[in-house]
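The values are calculated or read from the model by the stated rules, or taken from the named source; none is laboratory data. Worth saying up front: this structure is predicted, and the values here are computed from it rather than measured. Cβ placement follows ideal geometry from the backbone for every residue including glycine, while neighbour counts extend to all protein chains displayed. Side chains included, ligands, DNA and RNA excluded: accessible areas come from the protein's heavy atoms. Shrake-Rupley method; radii C 1.70, N 1.55, O 1.52, S 1.80 Å.
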Amino acid sequence: TALGASYFKTLEDVDVTSFEEVGYCYAKDGRHVYRGEEIIDELDPQTFRHLGNGYYVDKGHVLYASEEILGADPLTFTVLPGNYYTKDGSRAYYSGKALEGVDVPTFQSAKGIEYAWDMNHVYYADRVIPGAEPKSFHFLEPISFYAYTYDADQVFAHDTWLQNLDAANFRRVGNSEYLRDGDSLYYIDNEVIGVDIDSFQTAPIYKKSTDGTGSFSRSDCGTDGKVVVCYGK
């Protein structure tokens, strides 16, 4: 816009007494639903509402942000814990994308991380984790960004199988992204070779914080007393 021009525009013919914001980028009055300054004629203002995290429904539509989720049932559509996954009476979705082969009645998700499961599969984002067993599936506490998971036989970082870790005997090294059992050491999903695992311990690095007022510690490095490993290398 030209220098000094107003960013704001006046909406014409609005019923001010019934006008209200709905979610992040929508509004409505008694006659219309608005996205920005645009009137969306196909949406019904009487039933239009925000379900949370960018999902909207009216009596005939389900929207994720500005895109319609085609085929989704607005009467049964539900946002699951964590807000990444949703489902209706016949399908489950990740960020508005329908997932294939889901057992909808048993489909559920974890709060705050991109994992879900049903009676047959475990999902990370929109992908099935190959071989993961939902009945024995657990999260390694405390849950980190990589959300290490395990079942009775396997250990995973996101959807990657850490093939040489024993699911019954592995543990985190300190409060770090290193995992070990009696024979193997991993940093996230990369196996660390050439380290004495029994002697390995993390060695925090201290760096100044971005505002220069102090320092913070990271545990991405470690040592067995002979070699130093940082970020798994």
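Some values worked out for this structure:
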{"quantity": "Condition met for GLY54 (of a type outside the set (D, E, K, R) and surrounded by fewer than 16 Cβ atoms within 10 Å (Cβ to Cβ))", "calculated": "no"}
{"quantity": "Pairs, first outside any loop (DSSP other than H, G, I, E, B) in segment 84-96, second of a type in the set (D, E, K, R), C-beta under 7 Å, six or more apart", "calculated": "TYR93/LYS87; TYR94/ASP126"}
{"quantity": "Extreme residue, nearest to LEU99 (Cα to Cα), among residues of segment 127-166 that are among the small types (Gly, Ala, Ser) and either buried (at least 18 other Cβ atoms within 10 Å of the Cβ) or touching a Lys or Arg at 6+ places or on another chain (Cβ under 8 Å) (or both)", "calculated": "ALA132"}
{"quantity": "Residue satisfying all of: in segment 57-83; in a strand (DSSP E or B) and touching a Lys or Arg at 6+ places or on another chain (Cβ under 7 Å); most open to solvent (accessible area, probe 1.4 Å) among these", "calculated": "THR78"}
{"quantity": "Selection count where residues are within 13 Å of the chain's Cα centre (by Cα) and hydrophobic (A, V, I, L, M, F, W, C), scope segment 82-119", "calculated": "3"}
{"quantity": "Search result, residues across segment 128-140 that are under 17 Å from the mean Cα position of the chain (by Cα) and either free of Cβ contacts under 8 Å to residues at least 12 places away in the same chain or within 22 Å of ALA92 (Cβ to Cβ) (or both)", "calculated": "VAL128, ILE129, HIS138, PHE139"}
{"quantity": "Within segment 176-233, tally of residues that are among the hydrophobic types (A, V, I, L, M, F, W, C), outside any loop (DSSP other than H, G, I, E, B) and modelled with pLDDT of 90 or more", "calculated": "7"}
{"quantity": "Residue match in segment 209-230 (condition: in contact (Cβ under 8 Å) with a residue 40 or more places away in the chain, open to solvent by 20 Å² or more (accessible area, probe 1.4 Å) and not polar (S, T, N, Q))", "calculated": "no"}
